[in-house]
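Below is one structure, written out as structure tokens, with a few remarks after it.
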Amino acid sequence: MNKPEKILVCGATGYVGGRLVRQLLDEGYEVVCLVRSPGKLAKFSWNKDPKLRVVEGGINDEDKLRSALEGVDVAYYLVHSMQSAGGSYAERDRELATAFLRAAEESSCRRIIYLGGLGELGENLSNHLNSRREVADILQGGTIETTVFRAAMIIGSGSASFETLRYLVERLPIMITPRWVTTETQPIAIRDVLRYLVDCLTIPETAGRTIDIGGRGVMTYQQIMQIAANKLGLSHRKIFPIPVLTPKLSSLWIGLVTPVSSRIARPLAEGLRNRTVCRNDDALKLMPGECLTIEDAIEAAIGRTREGLVETRWSTAGEMPHDPDWAGGTTLKDERSVIVDAPVEDTFDEIKSIGGQHGYWGAGPLWTLRGWLDQLIGGPGLRRGRRHPTELHFGEAVDFWRVTKMTPNEQLRLRAEMWLPGEAELDFVVSRTEEDASRIDMTARFRPRGLLGLAYWYSVYPLHWIVFPVMLRGIKRAVEKDAAS
């Protein structure tokens, strides 16, 4: 097989895909990205690269998929529906993989590369890992040579595994855990995953094979937690595994303490019962190179997180929720505004720092309370924070919000992902009023679902008279203070 020239990446807005595209472009490849929400690519430095072509659409859109596959030599399949499809993710993954393979076989594509999950063979495989195995079987069952990489926990700044690990050890000096924390695993650093994914393109022997990839060292999840605590400068964690902590209880516990919601945490918790260690050394033989140790991988992830250099984050992956038609149905609004004695640019910079460590300009305690209530019923709460303290892009998560519109120096729209009996958004519009002054129009919109939705809106509406004026005054105060200094 000759060196490929044009490569399709399905899953380019995901954690691995967003980093892979950059490396492929740096290597000189032409890259095509099939994405449902092209606006998510705006945060990447490579989004204007002349070697990049973006096709807007999903894998279940035959015409868009065929367009994306046109002239392609190799296709990376980095799609997994766990975040967006709830309990039906396995069925959706089968459907998408089948549709993708059918279209690929009718195209110029000569090779497929898939990143799946490690796990012992047998009937006791978790639903999450079994779904990954099914996708691999579907892709390898076609007429196109398919390379399947299988990895365990991927350690890198912004990965779901690392974020879960970091929050657990930071917040819980004493942990009661499922007995599965004594299961062995072989984590791998994200940089080593990317190296394998790229290097295999020029090594014909990797085509048509299943290749296990892992870092240097096998240990239990319990040992990994202690390493993370040490690298974070924390004391030794006291961990007590017990046999009665079910996956459901484990996921609720993880969802309460970490940024990962219980819906996503459950399949991850179920997967802990499976030993995830490399069963072959093909990766080392075919693509020699020294992988990072677990200690080095965790240290690198912590360093990049502290420096605000998180290139991709788990919470950005998945389909964007459909924006409701706010012109139809019953839509309730709360509109407020304030004049700020500062330029539009300065005002907007302050607004887009919302959430995370920055907070909500004096209304933080009430938002914190709302976050805790959301966590107790399985929502994301405020745990997700934000990827970067000042940068913000379309599609990113901010606490229990999602950025659904981002027009620099003009508009920021956040859609609520907290549990609500309806659909809600918070909209900031900044406009110029006169020289060196600006106006902020803040609108909260809510479309209730039934009587419960109406009851919710009118029960919290009195709090709006506290929260929203405090926020606007806080923004005004912060911007004018910076302008005066």
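The residue pairs whose first member lies in region 16-32 and is polar (S, T, N, Q), whose second member is not in a strand (DSSP E or B), and whose beta carbons are closer than 6 Å, counting only pairs six or more residues apart or on different chains, are Gln23/Leu194; Gln23/Val198. For region 377-399, the set of residues classified as touching a helix residue (DSSP H, G or I) at 6+ places or on another chain (Cβ under 6 Å), of a type outside the set (D, E, K, R) and either at pLDDT 80 or above or in the same structural domain as Gly308 (by TED's automatic domain parsing) (or both) consists of His393, Phe394, Gly395, Ala397, listed by residue number. Looking at Thr98, is it touching a helix residue (DSSP H, G or I) at 6+ places or on another chain (Cβ under 7 Å), within 26 Å of Arg195 (Cβ to Cβ) and at pLDDT 90 or above? No: the conditions fail for Thr98. Those helices (runs of 4 or more DSSP H) of region 1-113 that lie entirely within it include none in which at least 2 residues are out of contact with any strand residue (DSSP E or B) (no Cβ under 7 Å at 6 or more places or on another chain), on the phi > 0 side of the Ramachandran plot and not assigned by TED's automatic domain parsing to the domain that holds Arg133. When you scan region 454-464, do you find a residue that is buried (at least 17 other Cβ atoms within 10 Å of the Cβ), touching a helix residue (DSSP H, G or I) at 6+ places or on another chain (Cβ under 6 Å), within 22 Å of Ser337 (Cβ to Cβ) and of a type outside the set (Asp, Glu), even just one? No.
Residues are listed down the side, and each one gets a yes or a no for (1) without any contact (Cβ under 8 Å) to a residue 60 or more places away in the chain; (2) among the hydrophobic types (A, V, I, L, M, F, W, C); (3) assigned by TED's automatic domain parsing to the domain that holds Arg36:
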position: Met418; (1), (2), (3): yes, yes, no
position: Pro421; (1), (2), (3): yes, no, no
position: Ser438; (1), (2), (3): no, no, no
position: Phe446; (1), (2), (3): no, yes, no
position: Tyr456; (1), (2), (3): yes, no, no
position: Ser459; (1), (2), (3): yes, no, no
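Go through region 101-129 and report how many residues are surrounded by 15 or more Cβ atoms within 10 Å (Cβ to Cβ), over 16 Å from Thr185 (Cβ atoms) and either of a type in the set (Ser, Thr, Tyr) or at pLDDT 90 or above (or both).
Summing the residues that are surrounded by 15 or more Cβ atoms within 10 Å (Cβ to Cβ), over 16 Å from Thr185 (Cβ atoms) and either of a type in the set (Ser, Thr, Tyr) or at pLDDT 90 or above (or both) in region 101-129 gives 11.
From the list Ile224, Ile264, the lone residue that is crowded, with 17+ Cβ neighbours inside 10 Å, aliphatic (A, V, I, L, M) and modelled with pLDDT of 65 or more is Ile224. One residue is enough: does region 361-373 have a residue meeting the conditions of a type in the set (S, T, N, Q) and touching a residue at least 24 places away in the same chain (Cβ under 8 Å)? Scanning region 361-373 turns up no residue that is of a type in the set (S, T, N, Q) and touching a residue at least 24 places away in the same chain (Cβ under 8 Å).
Of the residues making up region 406-439, those that are basic (Lys, Arg) and touching a Phe, Trp or Tyr at 6+ places or on another chain (Cβ under 7 Å) number 1. Applying the criterion of being small (Gly, Ala, Ser) and within 17 Å of Val79 (Cβ to Cβ) to the residues of region 11-56, the residue that is farthest from the chain's Cα centre (by Cα) is Ser37.
The values are calculated or read from the model by the stated rules, or taken from the named source; none is laboratory data. This structure is a prediction, so every number in the text was calculated from the model and none was measured. Using ideal geometry, Cβ is built from the backbone for each residue, glycine included, and neighbour counts are taken over all protein chains shown.
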